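None of the figures in this text is laboratory data; all of them are computed from the coordinates on show. Worth saying up front: this structure is predicted, and the values here are computed from it rather than measured. Neighbour counts run over all protein chains shown; Cβ positions are idealised from the backbone, glycine included.
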């Protein structure tokens, strides 16, 4: 049977649009609130990425750092992240959820235990920012065995030969980093150029779902709608920060953003 | 886990970059894979390139001012009784600390790779100051990332960086110290790796940075070996090489030529930052038995909690105030070739006071940790034991802290 992730892409394709992927940090700003946000935005998002926050995130920009620090400060633990995921899946069993974070957290938890817990919580996929190919081969294989998608990242600096190998080793989804940047950077490459590179990846194996992330906001999302999927993270985290600062309802505000994002790519 | 003889420690890692199968590696975001690979290839080529080596030696001699002196601290020895205490005065190097070796080499590599921008992290400000000097010397544009807390406590070095034309980027995230500076510097490199070279200020970070830094500071022990032979006619039978360890770049440089010797002849002692006596916080992952974890692209013993979040550290010495440590030191610990201990803030301050009282030497707070250990063990040792402390930094940068803590002018 095709994975939930695959089906989410197929579904979007049948509606002639890219899949919308959201990223929020588990526990931002509380465990309860982040679950509410997740449930609410999943009415519009096709796939939900849930970050397990780390306090030394070397590839994240200011917005996601702020969300991560806030969640950690509010006491979020890795087991809470699993319980959020589990809770979410019990209500939305067909909505794929992808956990995303840094390797040290998995390493401390123990790889096997971590994957066991992912499986029990019905996590569909994993993105590990600082575990690149080929160092991730073992872990990716373990994921596959457990029926969890290990999502490979590729970037504008990924060489041709490397790209081939990564795609060959990838599961259902590949994450293309749009530009040289941390998350939440301003889109400094033209959408045309990004899509050109995107097509080069896509053409290697059309059966893989390739998503584009980094620098995607309400302003830029439309210009990239030819991709299989688009990831929005920092823009959402920023809205959570804004809502907290203005003492407004983060669930409503974030849901509205995701709704607007979706409308731009229909 | 075993050390190999006849091979520099920087080359004793496996194909994935791990020492002893588990320390080091390159845990980096995909975007950095290519620039790290490029740098790895370039360094592999350059270290065998006679012209490059000649250039390095030229600048080491004429710009850094090697060799730095090797002196006996007679007064301190007499005062303590017991072992002879010597110092390798690396702080004589241009700029006042060992960081100049790594900075110079990185600037030369940056030039060789045709990049015009160089960025680096700094804690005590020495790595930043030296990188700004080297950048100026070789005509490179330079940005230094530094924790906001460190900018306040190491002002003299910040002034020097600005004078050299470098831009200091204050880092306000996390604990606002070295760990955050390194993170922010890496983030900057992720975003600008197409035209910018990154220098990691110590033997930490992804594998290649550990190697380049160790290769650079190894100059210290090459000099010391020659100096020992000329002073004692041969390498003496009982030597203790004591060095402070933060990231571990000066300690590796101080020891590299002597790792192959039997530890009964040459004992290697690393002294970490124990933090304030009354605080639970410290920056001593090796001597206080931290678990292995991954920070800034490498696996090492690491001050962290059970979840894998990096712990805050605390030390009077900004240069040692780092939760991780070089994978090479983890390897030296596990193979039992080196012994690691720590000195508290108070012990380091006392040592600084004692050394400056008896000797015409002004060690910064980092090597003062090493002196604290020397002072502790010297009285118990025989007179034919040679303790050598790497006095790897000058205390000028600590002016404000020393004034506050010791009332020094």
Chain A - mean residue ellipticity at 222 nm from DSSP helices (-39,500 (n - 2.57) per run, n ≥ 4, rounded to 500): -14500 deg cm²/dmol
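If Rh is defined by the Kirkwood formula over all Cα pairs and Rg also comes from Cα, what ratio Rg/Rh do you get for chain B?
Values: Rg = 19.4 Å, Rh = 20.7 Å.
Here Rg/Rh amounts to 0.94.
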Spatial separation of Cα centroids for the stretch B:54-79 and the stretch B:336-355, in angstrom: 22 Å
Relative contact order of chain A, defined on C-alpha pairs under 8 angstrom at six or more residues apart (%): 23 percent
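Whole number please: convex hull volume per residue, Cα atoms of the stretch B:155-274, in Å³. Write out the running numbers ahead of the final one.
Numbers: hull volume 19.0 nm³, N = 120.
Normalising the Cα hull of the stretch B:155-274 by residue number yields 158 Å³.
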Over the stretch B:303-402: Kirkwood hydrodynamic radius from C-alpha pairwise inverse distances, Å: 15.2 Å
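How big is the shadow of the Cα convex hull of the protein assembly as shown, averaged over all directions, in nm²? Please report the intermediate quantities before stating the final value.
Values: hull surface 115.7 nm².
In nm², the orientation-averaged hull projection of the protein assembly as shown is 28.9.
Based on DSSP H runs of at least 4 residues, each adding -39500 (n - 2.57), what is the mean residue ellipticity at 222 nm of chain B after dividing by all its residues, to the nearest 500 deg cm²/dmol? The partial results should precede the final answer.
Values: 15 runs with 165 residues, N = 409.
Taken over chain B, the calculation gives -12000 deg cm²/dmol.
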Average partner coverage of B:178-188, which counts Cβ from other chains inside 10 Å: 3
Shielding by other protein chains, B:290-299, mean Cβ within 10 Å: 3
Pairwise centroid distance, computed over Cα atoms, of the stretch B:301-335 with the stretch B:383-409, Å: 22 Å
Normalised contact order of chain B, rounded percent, pairs of Cα under 8 Å and 6 or more residues apart: 20 percent
Alpha carbon centroid spacing (whole Å) that separates the stretch A:1-36 from the stretch A:171-231: 16 Å
Residues B:389, A:254, sorted so that the one with the fewest Cβ neighbours within 10 Å comes first: A:254, B:389
Degrees, to the nearest 10: B:365-377 long Cα axis against longest axis of chain B: 30 degrees
GNM flexibility winner over chain A from A:150, A:214, A:114 (Cα, springs under 10 Å): A:114
The stretch B:281-347: mean projected area of Cα convex hull, nm²: 4.5 nm²
Of A:35, A:131, A:99, the one that fluctuates the most in a GNM where chain A has Cα springs shorter than 10 Å: A:131
Cα convex hull of the stretch A:65-163, projected area averaged across orientations, nm²: 7.4 nm²
Per residue convex hull volume, Cα atoms of the stretch A:4-265, in Å³: 111 Å³
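Can you tell me how much longer the chain between residue B:260 and residue B:113 gets when fully stretched, taken as 0.36 nm per residue apart minus their C-alpha distance, in nm with one decimal? Walk me through the intermediate numbers first.
Working: separation 147, 0.36 × 147 = 52.92 nm, distance 3.35 nm.
Stretched out fully, the residue B:260 to residue B:113 stretch lengthens by 49.6 nm.
Can you say what percent of the DSSP beta bridges in chain B, counting only those with both residues inside, are antiparallel? Round to 5.
Numbers: 16 of 52 bridges.
Percent antiparallel among DSSP bridges in chain B is about 30.
Please compute, over every Cα-Cα pair in the stretch B:39-164, the percentage with a separation greater than 26 angstrom. It would help to have the intermediate numbers written out before the result.
Working: 2613 of 7875 pairs.
The answer is 33 percent, as a whole percent.
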Test item: A:129-139 mean partner chain Cβ contacts at 10 Å: 4
Protection proxy ranking, peptides B:364-376, A:198-210, average beta carbon neighbours within 10 Å, highest first: B:364-376, A:198-210
Dimensions (Å) - the stretch A:140-266, Cα atoms, principal axes, largest first: 49, 37, 27
GNM result for chain B, Cα springs below 10 Å: residue of B:290, B:134, B:299 fluctuating most strongly: B:290
